[in-house]
Each structure stands twice: as structure tokens, then as C-alpha cells.
1. Determine which member of the set Arg182, Arg152 is in the same structural domain as Val86 (by TED's automatic domain parsing), part of a strand (DSSP E or B), in contact with a strand residue (DSSP E or B) (Cβ under 6 Å, 6 or more places away or on another chain) and not aromatic (Phe, Trp, Tyr).
2. Would you pick out the residues in region 150-189 that are in contact with a Lys or Arg (Cβ under 7 Å, 6 or more places away or on another chain) and closer than 10 Å to Ala83 by Cα?
3. Looking at region 160-179 only, could you name the residues that are more than 26 Å from the chain's Cα centre (by Cα), touching a residue at least 12 places away in the same chain (Cβ under 8 Å) and not in a strand (DSSP E or B)?
4. Taking region 107-122, which residues are crowded, with 17+ Cβ neighbours inside 10 Å and of a type in the set (Gly, Ala, Ser)?
5. Quick one: how many residues across region 123-150 are crowded, with 17+ Cβ neighbours inside 10 Å, among the aliphatic types (A, V, I, L, M) and farther than 19 Å from Leu70 by Cβ?
6. Any residue in region 110-130 that is without any contact (Cβ under 8 Å) to a residue 40 or more places away in the chain and of a type in the set (Ser, Thr, Tyr) sitting within a Cβ distance under 9 Å of a residue that is part of a loop (DSSP other than H, G, I, E, B) and surrounded by 14 or more Cβ atoms within 10 Å (Cβ to Cβ)? List the pairs, counting only those 6 or more apart or interchain.
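The values are calculated or read from the model by the stated rules, or taken from the named source; none is laboratory data. All of these numbers come straight from a predicted model, not from anything done at the bench. For neighbour counting, all protein chains shown are included, and Cβ atoms are generated from backbone atoms with ideal geometry for every residue, glycine included.
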Amino acid sequence: MNPEAMERRRTMFGFREGAAGLRRGPRIVPSRQGPSRRGRGFRWPVLAVAVLLGAVGVSGRDAEPARPRLVEVNISPEGRVKASAVAARPELVQGGWTEFEIVIQNTAGLTTPLGIECAQLLRSDDDAARDRWLKLEVVPSGALTGAAEEKRVLRLWSRDAGRRAAVFNVNAGQGSQDLGFRSDVLLTFVVAPRA
């Protein structure tokens with residue numbers, strides 16, 4: 001047997017050489033995890049597993065497309081609604097629907113419907129007013145569930161192209177408007193012309 005094979009065999013069976021010759025000691029196996037994981041072989045790092053599961057999804061089809069976050073809504077324990085803009089430059093497409101995410105922190109546990117009002121909403125399909133250019137839908141519409149954190153999808157449609165501004169007023173029913181108009185959010189959209 002050649003010396004390299006003997007060394008591998010000694011290492012594999014847990015023998016090491018010392019001052020007194022061969023003696024049994026801890027098994028020394030090269031590990032890919034570093035010196036603290038000796039003898040345990042290769043283990044997948046947690047980050048690699050998370051990346052693989054996140055990229056593929058648990059079933060491969062259940063991953064939802066990522067939507068940009070537009071507004072965060074805070075409902076205080078007293079039931080007052082405060083809204084703040086998150087997106088720096090939200091973009092829309094003229095004549096097409098664009099989806100955004102709304103995150104609702106509901107510390108009051110309200111189960112009333114979430115209302116979003118806007119003065120720039122079109123009143124009909126043939127509305128020609130210059131300051132009304134927007135359609136919106138909240139999905140799912142209806143009452144909040146009372147959970148501490150909820151997410152809703154806000155779908156926006158623009159009639160006009162260019163830079164357009166809109167003021168959204170978020171409320172959760174009668175008397176939920178926060179003092180100081182903190183439930184109003186001013187957003188400036190960049191609307192790309194239709195192709």
C-alpha cells in the first residue's frame with residue numbers, strides 16, 4: 001500500500017499520529033463548512049436552500065409576481081388612518097392596468113371596508129375633464145379581516161400620458177380620518193404612452 005493510501009485510511013478510521021505513535025483520536029475529514037463542522041460531511045448552507053426554494057417555489061407555480069409597493073397604511077389603536085407613500089416614482093402605462101401593493105398595519109383590528117378616494121378619478125368612460133384621468137380598483141375589495149398586517153392590490157389605469165399627479169385619501173369608515181390630513185397621499189406618476 002502506498003503512503004498516500006495509508007494516510008487516507010488512517011484519517012478515515014480516526015487514527016492520528018502523535019509523539020507516542022498511532023493512536024485513536026477524533027476523526028478528521030475535510031469539510032466544506034470550515035473547521036467547526038469537522039466530521040459531519042457536506043451540508044447545504046441554509047442560505048443556499050432558501051435561495052433554491054425561493055427561486056423555484058414550493059410547488060413551482062405558486063409564486064406570485066412581485067408588485068411594487070405604493071402606499072403603507074397605518075391604523076392606530078384609536079382607529080385613525082394614516083397613509084404614506086413608499087414608491088419614489090411610480091410608473092403607469094397609458095390605457096393599461098398597473099398593479100401596486102398596499103400594506104395595511106391594522107393595530108386597531110378594524111373590520112370595516114378600506115376606502116380609497118381620489119379627486120382625479122374618471123366619472124365615466126367618456127369623461128373629458130382635464131383633471132380627471134384615473135381609474136382605480138382595490139383587490140380584494142370589501143372589509144378588512146382584522147389581522148395585524150394585511151396586503152391589498154391597487155390596480156390603476158391612466159387615460160393620459162406624461163407626468164400626472166393624484167391625491168389619494170385612505171379611510172376605514174366614518175370618523176377614521178387622521179388629524180392633520182395624514183390620510184392623504186400625494187403621488188406623482190410617470191405615465192408611458194401606449195405602444
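1. Numbers: Arg182 fails: part of a strand (DSSP E or B).
Going through Arg182, Arg152 in turn, the sole match is Arg152.
2. Result: Asp178, Arg182, Ser183.
3. Across region 160-179, the qualifying residues are Asp160, Ala161, Gly173, Gly175, Ser176, Asp178, Leu179.
4. Scanning region 107-122 gives a single hit, Ala108.
5. So the answer is 0.
6. Going by the 9 Å Cβ cut-off, the qualifying pairs are Thr111/Leu144.
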